[in-house]
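Take a look at the structure below.
Since every read-out is calculated from the coordinates, none of them should be taken as a lab result. Note that the coordinates shown come from a computational prediction; the quantities given were computed from them, not determined experimentally. Quick reminder, even Gly has a Cβ in these numbers, built from the backbone with ideal geometry, and neighbours come from all protein chains shown.
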C-alpha cells in the first residue's frame, strides 16, 4: 500500500514575520514480484520530511530569510524473504539504506545603501547501508558562504562577489582510507574551495544585451580553476527572444555518492589513482517565441541546440570485466550534443497542453572509437494535458513520457539478455478535487499501459537465485565458467536496470493547507 500525506501551514508571527511549514510522509510497503525472479519489483520506502521557512519584513524591503529542512528515509529492496535480521549477512540478499539529512539556508541583505547580499547554507548527510554483505557508511558535511554586490552603472549591471565552500566527506570504503598501510583508520576527505567572481551585463540599445563573467576558484585538492562565461540576448520584440550562451565548467566526481551500482556487492570497484576533475566546454542557442491571440489564448515555442565537450570524463566501465567496475579518466574525450523543443499552449478554455522532446548524442571517443554512453537514450519526450472544471472544483491531469532504446550493461558475450532496451513509455492520469476548504483530495492511475522492463527479456537480474555467487565456478583469472548450472558463465549482477519495474496501480491522497 502507498501512503502519501502532504501538509502545508502558513502563519504570521507578529507583524513582520511570515512563516511557512511543510510536512510530508511517504510510505510504500507492498512487496511484489510479478516477474518471478525472487526479488522485489519495487523498492520499499518509508520517508519523512519537514521544511520551514521564515521571511522577515525589513526596512526598504531588504531581504532576510532563513529556511531549514530535515529528511529521514528507510529504503529497502532485495529477495522476497529478506527481513532486517538478514541485514549485512550473506544468506539472503537485500539492499537496506537508512539516510538522514538536515539543511539550513539563509539570505541577508546588509543594511547599507548598496545592494550587498550574504547567502549561506549548511547541510549534513548521513547514510547507513548494506548492499548484500557489503557495507557503506558515509557522512558528509558541507558549509557554504557567499557575499555579492549588485550594482547598476549606466548600461552596465555589475555583479561582484566572493564565496567559500567546505566539504568534509568520510566513508568506510578505500576512498577515505589512510595511505599508511600500518594505519587502517579512515582519513576523511576535506576540501576547501574559496572563490571570487565578476559578471557584467551590458545593454546595447534596447534589444541587445551582452553578458561576460569570470570565476576563479582554488580547490585545496586540485588547485586553480578558471570558469569564464559569455552570453548574448537579442530581444527582437516582446514575443521573440534569441539567446546564445557559452562557458566552461568543472566537476569533482564522488563515485560512491553518485553511482550506487558500485555498491551492490556483485562487483569489485577499482579506482584509478589521481582521478582529475572533469572539465567541460559548452555552448547553447535558444529561441523563444510567444503567440497570443485576440481571445487571450497563447502558444509558446522554446527551442534549444546544445553542445558540451568533456575532457577528463569519468565513466564507469562495466564491460571490461564482469567482476569489476573500473573508474578512471577517459583517455580521449566525450560529447553531449543535441536539440530540444518544448511547446506550451492553451487554445481551449481551461485546457493547458505541454509537450517536449530532446534528441541527443551522448558518447565517448577513445582510441578513435566512438561509443554511445551506457544507459543513456538518444531520444526522450514528455507531455501533459491539464483540464479544469471550475463548477465541479475538479482538475484532470494526464502525463506521460517516452524513451528510445539505450545500450545496456551485459556481463559477457554469452549473456542472453538484450543489448539494447526497447522503446518504452510510462503514462499516468490524476483527478484532483478542491471543493473543501484547505483540502485537496487526489487520486488516479499510474502506468496506464502496465509496462515493465521484464517484458523485454527473460530475466533482469543475472543469477538472482544465487546473489552471493556460491554456486559459480571461476577460472584462475576470476572469470565465471560455463557449467551445467551456469550455461552462460554469469555472476550475480543487478546493474541491468533502465526503467521502473512497477506495473499499473491506483493511488489516493489528501493535501491539507492551513493559512
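How do the peptides 188-197, 403-412 rank, highest first, by the average count of neighbouring beta carbon atoms within 10 Å per residue?
My ranking of the peptides, most packed first, is 403-412, 188-197.
Out of all Cα-Cα pairs in region 1-148, roughly what percent, to the nearest whole number, are more than 29 Å apart?
More than 29 Å apart: 40 percent of the Cα pairs in region 1-148.
For region 395-510, what is the convex hull (Cα atoms) projected area averaged across all directions, in square nanometres?
It is 9.8 nm².
Find the all-direction average of the projected area of the Cα convex hull for region 66-151, expressing the result in square nanometres with one decimal place.
7.1 nm²
I'm checking a number: the convex hull volume of the Cα atoms of region 434-480, normalised per residue, in Å³. What is it?
167 Å³
Arrange the peptides 127-134, 62-69 so that the one whose residues have, on average, the most other Cβ atoms within 10 Å appears first.
For the peptides 127-134, 62-69, the packing ranking is 127-134, 62-69.
Please provide three numbers in whole Å: the alpha-carbon extents of region 343-444 along the principal axes, with the largest listed first.
64, 28, 21
Find the eigenvalues of the gyration tensor of the Cα atoms of region 63-216, then list the square roots of 5 times those eigenvalues as equivalent ellipsoid semi-axes, largest first, in whole angstrom.
Ellipsoid semi-axes (Å, largest first): 46, 19, 15.
Taking the alpha-carbon set of the chain, what are its Rg and Dmax in Å?
Values for the chain (Cα only, Rg and Dmax): 26.3, 81 Å.
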